[in-house]
Amino acid sequence: MHELAITESIVDAIVEKIGDGPVAAVRLEIGRLSGVVTDSIRFCFEIVAGGTGLEGARLDIDEPSGRAYCRNCRLEFTLDDPIMLCDCGSADLDVLAGRELRIISVEVR
Amino acid sequence: MCSTCGCGGEDVSTRVTLIEGHTHDHDHPHEHSHEHPHEHGTRTVLLEQDILAKNDLLAAGTRRHLTDHAITAINLMSSPGSGKTTLLERTITDLDGRRETLVIEGDQETWLDAQRIRSTGSKVVQINTGAGCHLDAEMLDRGLAELAPPDGSLVFVENVGNLVCPALFDLGESARVVIISVTEGADKPAKYPYMFRTADLVLLNKVDLLPYVDFDVDLCLELIHRVKPDVELLPVSATRGDGLDAWHEWLANRSAATALRSGYRPPG
């Protein structure tokens, strides 16, 4: 349940940046290969944001797909499976996208 | 609720304890103003920052400090019961004081593992995470402050037994070792790919039990290589001693690499 700690990192980082004033919405980017479950983030957010300026804020989560480059067949392709394999069978990949864990923006009131 | 440690009240928090020392609880001044939102116009503030930026920044500072002092810190991760503590006891006993070896133990509760390590003669700090399921950079920072490892030493960090959460948190360690034992399912690397992908070395432990269990070694190794093609792999038995020469050689190579980066020369 690392999502609890991740969510507190989100709330802490936002409060640190913008203070404890009221926030209407938070936009996050959580890639499909990041190992973080967005449903759990939503569940934890309600608890962690309670009593802060983020209480009741809307959570918008972008979930970019994974993209990888196969060093074997030199192709770039989309993948959302954490077992990262190219169709050619190779696991020798450069992951180009999908591991994002970012706070993009907040809407403050 | 505090989710650094998962605590919900005053009494449950991360505790860092030098075994045979005294307990420090972390400060908990959670005071938040409670303002009700009002429906005015909103404005968007761009933040564009990594969620784990604070952890990763702290981890980078730890890594720099460790390198400057030629300290090699090995983050040991596995599911509960794979033999991490037994491996540490055996490793410290085998080193027989030839290398200053210190340990940070991470568990939700109890000092049991730290007491086992303490009986080998090693200095040990216990971190109890309370409801927390992993160590993070801040906990290791506090643990190292309490442990005060000398220059050139070897520090083992035994993470909380868990193949999921510890994978995401950089502690500032020098290397990550993931242990899987033959009493577990051979398909664990496929089930927990995030963990195995972060490993610098995978130890396949309890190989002395292979005649008695249904464990497909080839399948396990194939799955590990699928998740992390270039990872090093060593079959070992922490109780019978199989493969431990190679494990010590790996540790010596890691320490030599740290010393090279820091320009450290061991005394004598």
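Condition test on A:Asp87, is it exposed (fewer than 14 other Cβ atoms within 10 Å of the Cβ) and part of a loop (DSSP other than H, G, I, E, B)?
Answer is yes for this residue.
Could you grab me the full set of residues in region A:6-39 that are of a type in the set (A, V, I, L, M) and over 13 Å from the mean Cα position of the chain (by Cα)?
A:Val11, A:Ala13, A:Ile14, A:Val15, A:Ile18, A:Val23, A:Ala24, A:Ala25
Would you call A:Arg32 more than 10 Å from chain B (Cβ to nearest Cβ), in contact (Cβ under 8 Å) with a residue 40 or more places away in the chain and under 21 Å from A:Ala97 (Cβ atoms)? Walk me through how you get there before you give the answer.
Numbers: more than 10 Å from chain B (Cβ to nearest Cβ): yes; in contact (Cβ under 8 Å) with a residue 40 or more places away in the chain: yes; under 21 Å from A:Ala97 (Cβ atoms): yes.
In short, yes.
Do you know which residues across region A:60-109 are among the polar types (S, T, N, Q) and away from every other protein chain (no Cβ under 12 Å)?
A:Ser65, A:Thr78
Is region B:138-146 home to any residue that is in contact with a Pro (Cβ under 9 Å, 6 or more places away or on another chain), under 14 Å from B:Leu76 (Cβ atoms) and away from every other protein chain (no Cβ under 14 Å)? Reasoning before the result, please.
The initial filter retains those residues of region B:138-146 that are in contact with a Pro (Cβ under 9 Å, 6 or more places away or on another chain), namely none.
Among the residues of region B:138-146, not one is in contact with a Pro (Cβ under 9 Å, 6 or more places away or on another chain), under 14 Å from B:Leu76 (Cβ atoms) and away from every other protein chain (no Cβ under 14 Å), which makes the answer no.
Does A:Ala49 count as within 19 Å of the chain's Cα centre (by Cα), crowded, with 18+ Cβ neighbours inside 10 Å and at pLDDT 95 or above?
Spelling it out, A:Ala49 is indeed within 19 Å of the chain's Cα centre (by Cα), crowded, with 18+ Cβ neighbours inside 10 Å and at pLDDT 95 or above.
Checking A:Ile10 against (1) facing chain B (nearest Cβ under 8 Å); (2) without any contact (Cβ under 8 Å) to a residue 60 or more places away in the chain: exactly one of these is not met. Which one?
Here A:Ile10 meets the rest and fails (2).
Tell me, please, whether a residue that is more than 8 Å from chain B (Cβ to nearest Cβ), of a type outside the set (Lys, Arg) and farther than 27 Å from B:Arg197 by Cβ can be found in region A:39-49.
yes
The values are calculated or read from the model by the stated rules, or taken from the named source; none is laboratory data. Keep in mind that this is a model prediction, so the values were computed, not measured. With ideal geometry, Cβ positions are generated from the backbone for all residues, glycine too; neighbour counts draw on all protein chains shown.
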